[in-house]
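See below for the structure under consideration.
The values are calculated or read from the model by the stated rules, or taken from the named source; none is laboratory data. Keep in mind that what you see is a predicted model, and the values were worked out from it rather than measured. Here the Cβ positions follow ideal geometry from the backbone for every residue, glycine too, while neighbour counts run over all protein chains shown. Just the protein is used for accessible areas: all its heavy atoms, side chains included, with ligands, DNA and RNA removed. Shrake-Rupley method; radii C 1.70, N 1.55, O 1.52, S 1.80 Å.
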Amino acid sequence: MIRAVVFDVGETITRDDRYWASWADWLDVPRHTLSALVGAVVAQGRDNADALRLARPGIDVAAEYQAREAAGRGENLDESDLYEDVRPALSQLRRLGARVIIAGNQTARTGELLRALDLPADLVVTSGEWGVAKPQPEFFQRVIDAAEAAPGEAVYVGDHPANDVAPAAAAGLRTAHLRRGPWGHLWADDPSVAAAADWRIDSLMELTAIVGR
């Protein structure tokens, strides 16, 4: 029985379109160029921040992030950044009695922005707030603690095989790989996903059948 469902953020709950577009505008490079670089580093299994380093060699990503915030051009999220199935799926999961948590590799600021959207979730937290990030085992131990359920009674949902599915499975959690965004589509049929994922889904609404069993 699944008692808790825990969601990744980027390309699971939120679209990354605006995030990368805002970085392209800040670095004064064409949006398509940065988007293509993101795709390239994804295909190579690299950190997506490497796309910024390719676009601007020598960049200090953390320093540029702070400069963007200081200039009033930092992170922003609103309803348009959510995938259409997010609210109905999370609402239905809660009606089914599952504890719903959003926990991903984002900044503390993103945590604030997500909570301001008043999503139907019992907890919204980020790696920036926890001080530990995926794929570290400590992150998934925090997930288990937050789930308030045995690891085998909680499912972690995400699009990234190396950051979401494999480490969550290693921690004893059930896992659902979401075919969404560049990572989700590119690696959907990879053997590592088949080995680690309990379920492979195309929509968050499919989780309601899993919890409702």
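Taking amide hydrogens as placed 1.01 Å from N in the peptide plane, the amide H of GLY10 sits under 5 Å from those of ASN105, each at least 5 positions away in sequence or on another chain.
Rolling a 1.4 angstrom probe over segment 21-137 with all protein chains present gives an accessible area of which 49% lies on carbon and sulfur atoms. Between the alpha-carbon centres of segment 136-213 and segment 6-21 there is a gap of 16 Å. What percent does the relative contact order of segment 1-150 come to when contacts are Cα pairs within less than 8 Å and at least six residues apart? Relative contact order comes out at 28 percent. Figure note: THR33, THR208 ranked by solvent-accessible area, largest first, 1.4 Å probe, ligands and nucleic acids not counted: THR33, THR208. When shorter helices are ignored and each DSSP H run of at least 4 residues is given -39500 (n - 2.57), the per-residue value for the chain at 222 nm works out to -12000 deg cm²/dmol. For segment 188-200, 3J(HN,Hα) computed residue by residue from phi via the Karplus equation (6.51, -1.76, 1.60; θ = phi - 60°) reads 4, 9, 5, x, 5, 5, 4, 6, 9, 8, 6, 9, 10 Hz, glycine and proline entered as x. Amide H contacts for ILE102 (H built 1.01 Å from N in the peptide plane; partners 5 or more residues away or on another chain; cut-off under 5 Å): PHE7, LEU123, VAL124, VAL125.
Taking the dipole about the Cα centre of segment 39-87, with the C-beta of Lys and Arg at +1 and of Asp and Glu at -1, give me whichever of LEU77, ALA55, ALA67 is farthest to the positive side. Result: ALA55, furthest along the dipole toward the positive end.
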